[in-house]
Amino acid sequence: MKSFVGDTDFQMKEPTVVTIGKFDGRHRGHQKLLSAMLKWKNERGYKTAVFTFDMAPAACIQGKPQKVITTNQERRNNMEKMGIDYLVEYPFTREVSHLSAEEFLKDILLGQMNAKAIVAGTDCGFGYQRKGNAELLRNLKDSLGYDLEIIEKEQDENQHRDISSTYVKEELDQGNIEKANDLLGEPYAIHGCVVHGNHVGGPLLGFPTANLIPPPEKYLPPFGVYVSRILVDGKYYGGITNIGKKPTITGDNPVGVETFIFGLEDDLYGKPIEVQLLNFERPEQKFESLEQLKKQLEADKEYGMNYLTQAGF
């Protein structure tokens with residue numbers, strides 16, 4: 001996959017099928033859009049191209065960071081894993097924000113991205129004040145010469161509700177990891193390179209851990225202990241993961257993601273790993289002593305191993 005990050009001066013030469021959106025989480029609704037694009041590629045030979053912004057427009061307009069389920073790097077990984085050919089992370093500037101919907105369509109999607117087909121959701125919005133929508137795309141397709149496919153929203157049939165990033169975040173806020181994973185169509189994940197912690201887990205507790213520091217924009221579920229699955233060098237391992245600030249350990253600890261990986265004792269410092277959360281076991285808590293914490297960790301490990309066995313992981 002070729003990415004254009006923060007670049008406005010690019011030109012795609014091959015004919016493309018394009019879609020636009022934030023793609024925060026790559027949930028089942030997003031996967032429906034992307035799968036439709038791949039069908040166009042298979043049937044017409046078009047390259048698949050995704051347009052998004054390098055930061056959420058709302059964050060730029062409001063002047064404060066916006067928490068996201070998937071960071072920009074995670075989004076790139078997801079798109080590549082899905083088989084997308086081009087990803088455009090366009091800079092959201094004042095000039096770009098004032099492009100009319102027609103200008104955005106003609107200059108960027110049809111011009112720079114060479115779109116011969118556009119795949120969009122029923123609720124798509126683009127251009128100044130998001131005045132561009134599915135109706136506008138329908139009205140202009142013949143005069144501007146592109147094919148169009150409008151995709152209906154994917155629904156959670158159990159709740160009769162449209163699947164969206166907002167819906168996923170609501171479930172994460174409640175610690176409903178299994179429900180969030182159902183909406184995402186895959187486990188909620190945190191990526192990063194393993195960093196040094198305070199070296200308490202292994203020497204003092206007998207639970208050596210792999211530590212990640214999530215970026216500030218990463219949308220995290222409640223602090224606590226989770227059953228997890230960890231991808232290391234292309235292989236999955238089971239584990240238990242604590243998200244939080246380790247209140248039992250003295251000091252002002254940063255928010256971290258600390259994972260005890262079952263059956264793996266390799267030196268992982270500096271290595272990229274992916275931690276997938278599967279089940280919320282308990283909230284983070286402060287223990288009176290390290291001995292009490294160690295006893296609880298033994299119980300957490302047993303809970304995690306039983307869960308993974310029953311779930312068939």
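Just a few scattered comments:
- Residues (open to solvent by 10 Å² or more (accessible area, probe 1.4 Å) and closer than 19 Å to Glu281 by Cα) located in the range 152-174: Lys169, Glu170, Glu171, Asp173, Gln174
- Among residues of the range 23-75, those that are at pLDDT 95 or above, over 21 Å from Lys153 (Cα atoms) and of a type outside the set (Gly, Ala, Ser), counted: 6
- The number of residues in the range 182-196 that are touching a helix residue (DSSP H, G or I) at 6+ places or on another chain (Cβ under 9 Å) and either under 16 Å from Glu258 (Cβ atoms) or open to solvent by less than 40 Å² (accessible area, probe 1.4 Å) (or both) comes to 7.
- Filtered by the rule that a residue be open to solvent by less than 30 Å² (accessible area, probe 1.4 Å) and either more than 14 Å from Gly192 (Cα to Cα) or free of Cβ contacts under 8 Å to residues at least 12 places away in the same chain (or both), the range 72-82 gives Asn78, Met79.
- Listed by first and then second residue, the pairs with beta-carbon distance under 9 Å, at least 6 apart or on different chains, first residue in the range 86-110 and open to solvent by less than 10 Å² (accessible area, probe 1.4 Å), second among the basic types (Lys, Arg), are Leu87/Lys2; Leu87/Arg75; Leu87/Arg76; Glu89/Arg75; Glu89/Arg76; Ala101/Arg130; Ala101/Lys131.
- Residue in the range 137-151 that is more than 26 Å from Gln276 (Cα to Cα), out of contact with any helix residue (DSSP H, G or I) (no Cβ under 9 Å at 6 or more places or on another chain) and at pLDDT below 95 present: no
- When the residues of the range 255-306 are filtered to those that are within 11 Å of Val225 (Cα to Cα) and hydroxyl-bearing (Ser, Thr, Tyr), the one that is least open to solvent (accessible area, probe 1.4 Å) is Thr259.
- Those residues of the range 197-220 which are open to solvent by 30 Å² or more (accessible area, probe 1.4 Å), at pLDDT below 95 and touching a helix residue (DSSP H, G or I) at 6+ places or on another chain (Cβ under 8 Å), in sequence order: Leu204, Gly206
- Qualifying residue in the range 115-128 (condition: without any contact (Cβ under 8 Å) to a residue 60 or more places away in the chain, open to solvent by 40 Å² or more (accessible area, probe 1.4 Å) and of a type in the set (Lys, Arg)): no
- The set of residues in the range 1-30 that are touching a residue at least 40 places away in the same chain (Cβ under 8 Å), closer than 14 Å to Ile150 by Cα and open to solvent by 20 Å² or more (accessible area, probe 1.4 Å) comprises Ile20, Gly21.
The values are calculated or read from the model by the stated rules, or taken from the named source; none is laboratory data. The structure presented is a predicted model; accordingly, all values stated were derived computationally and were not measured. Quick reminder, even Gly has a Cβ in these numbers, built from the backbone with ideal geometry, and neighbours come from all protein chains shown. Each accessible area value is taken on the protein alone, full model and side chains, heavy atoms only, with ligands, DNA and RNA left out. Shrake-Rupley method; radii C 1.70, N 1.55, O 1.52, S 1.80 Å.
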